[in-house]
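The values are calculated or read from the model by the stated rules, or taken from the named source; none is laboratory data. None of these values were measured; they are calculated from a predicted model. As a convention, Cβ positions derive from the backbone with ideal geometry for all residues, glycine included, and neighbour counts pool all protein chains shown. Note: areas computed on protein heavy atoms with side chains; ligands, DNA, RNA excluded. Shrake-Rupley method; radii C 1.70, N 1.55, O 1.52, S 1.80 Å.
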Protein chains: 2
Amino acid sequence: MPKMMSKPTTIEHVDLDVLEDTLSFYIRTMNIAVSRDLDARLDGCDVARGTGKITTLLLVDSHPGIRPSVIAQIIMKDRSAMGRLIEQMIEHDLLRRQTSASERRAQELYVTPKGAELAAMIRPIVTKQSKDFFSFIAEEEQAQVMDILRRAYRKMVGMTGEKR
Amino acid sequence: MPKMMSKPTTIEHVDLDVLEDTLSFYIRTMNIAVSRDLDARLDGCDVARGTGKITTLLLVDSHPGIRPSVIAQIIMKDRSAMGRLIEQMIEHDLLRRQTSASERRAQELYVTPKGAELAAMIRPIVTKQSKDFFSFIAEEEQAQVMDILRRAYRKMVGMTGEKR
DNA sequence: AAAAATAGTTGCATTTGTCCACTATTTGCC
DNA sequence: GGCAAATAGTGGACAAATGCAACTATTTTT
């Protein structure tokens, strides 16, 4: 039984039990907040809601011909979820799909003109949103956290240090 | 138009465009991974899936009589979502609810014996999971990230520095 | 030539989140 | 005292996202 505190009626009297020192708690919670904020800023933008659309669009834009399965790994979705996401974006005329000539199982993805335009529009928004949202953390510390999480992420998805 | 790279077929050839330097991307992505891992470890545990159950259980356990609306703030859910969460946990016989004597609009939440037991069981798991999951980040850095995120979180939900 | 692996699709069941309206209670103001 | 506004919680409807498992097509292994 942990230290007892009783009937808190405002958030200021609450301590978070073991979650106080649990990194996963903060990640999970901050995620909710950032995502909500981002969605708000992208309202109506065709890529609002849910992780993945933005990443997919940007990735296809900067890697023409990239495959669904590669994106899936990057955003940690399973293939079926990825497929649906792409389907959706094709319907919105953001992406185009074609079977790879060399690997007829696989597909190559390309942005449409509309997709390219949207990518260009979104890129600065996404960057700014992240900066703004975390603005109450000093720039330095932001960079620190990002640095650490970037390394963590890379290990997790199996990206090697060298990108080429 | 960003630097072009073409038809990557494996994740190692991919760069993340502007997301590479976007903290929100890492938060959102790591969130997916941590959450999945956590769910896996808690499989069948009555509190698996979705943010909130764990926090709610632990919070009620260590703050007997706490109100739904306070928890809602902490986990950033709206009241209706919170209500449903609690309903669910009551059905599972983890929590008990009673109207506050002094504030008949409000409710006080308490754990049932079963809930207390589960809380005790979960506490170490949650802590360990977080440590394990982030184990490829040095302890020191883990602490650093947590420290920064904790402050961010506190500001965000409006917790003052002093916990009374 | 058969078996196994890979890429993608489809259907289904479950969850979740959000929006909005509704009740009950309390507080504040005149 | 009495009315209006704020607060706590409930309930319904609806749109999405998620995960699982089964299924097709293509390539690779053996």
Residue match in the stretch B:31-46 (condition: without any contact (Cβ under 8 Å) to a residue 12 or more places away in the chain, at positive phi and out of contact with any Cys (no Cβ under 9 Å at 6 or more places or on another chain)): yes
Hits in the stretch A:59-82 (condition: within 20 Å of B:VAL34 (Cβ to Cβ), open to solvent by 10 Å² or more (accessible area, probe 1.4 Å) and within 11 Å of DNA strand C (Cβ to nearest atom)): A:GLN73, A:LYS77, A:ASP78, A:ALA81
Hits in the stretch B:11-42 - residues which are assigned to a helix (DSSP H, G or I), within 30 Å of A:ALA116 (Cβ to Cβ) and of a type in the set (Val, Ile, Thr): B:ILE11, B:VAL18, B:ILE27, B:THR29, B:ILE32
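When the residues of the stretch B:116-142 are narrowed to those that are over 30 Å from B:ARG96 (Cα atoms) and surrounded by fewer than 15 Cβ atoms within 10 Å (Cβ to Cβ), which ends up nearest to the other protein chains (Cβ to nearest Cβ)?
Step one: of the stretch B:116-142, the residues over 30 Å from B:ARG96 (Cα atoms) are B:131-142.
Still in the running and surrounded by fewer than 15 Cβ atoms within 10 Å (Cβ to Cβ): B:132, B:135-136, B:138-140.
On the way: B:ASP132: 10, B:SER135: 10, B:PHE136: 5, B:ALA138: 9, B:GLU139: 11, B:GLU140: 10 Å.
Ranking the candidates gives B:PHE136 first.
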Subset tally (residues that are assigned to a helix (DSSP H, G or I), more than 14 Å from the chain's Cα centre (by Cα) and more than 8 Å from DNA strand D (Cβ to nearest atom)) for the stretch A:66-82: 3
Positions within the stretch B:83-115 being near DNA strand D (Cβ under 7 Å from one of its atoms) and open to solvent by less than 80 Å² (accessible area, probe 1.4 Å), in sequence order: B:GLY83, B:ILE86, B:GLU87, B:GLU103, B:ALA106, B:GLN107
Where B:VAL145 falls short, out of the listed (1) surrounded by 20 or more Cβ atoms within 10 Å (Cβ to Cβ); (2) within 11 Å of DNA strand C (Cβ to nearest atom): (2)
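Quick grid of which residues meet (1) more than 8 Å from chain B (Cβ to nearest Cβ); (2) open to solvent by less than 10 Å² (accessible area, probe 1.4 Å); (3) of a type in the set (Lys, Arg); (4) under 25 Å from the mean Cα position of the chain (by Cα):
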site: A:VAL18; (1), (2), (3), (4): no, no, no, no
site: A:ASP21; (1), (2), (3), (4): no, no, no, yes
site: A:ALA40; (1), (2), (3), (4): yes, no, no, yes
site: A:ASP46; (1), (2), (3), (4): yes, no, no, yes
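Condition first: part of a loop (DSSP other than H, G, I, E, B) and away from DNA strand C (no atom under 13 Å from the Cβ). Now tell me which residues in the stretch A:43-58 satisfy that.
Step one: filter the stretch A:43-58 for residues part of a loop (DSSP other than H, G, I, E, B), giving A:43-52.
Listed by number, the residues that qualify are A:CYS45, A:ASP46, A:VAL47, A:GLY52.
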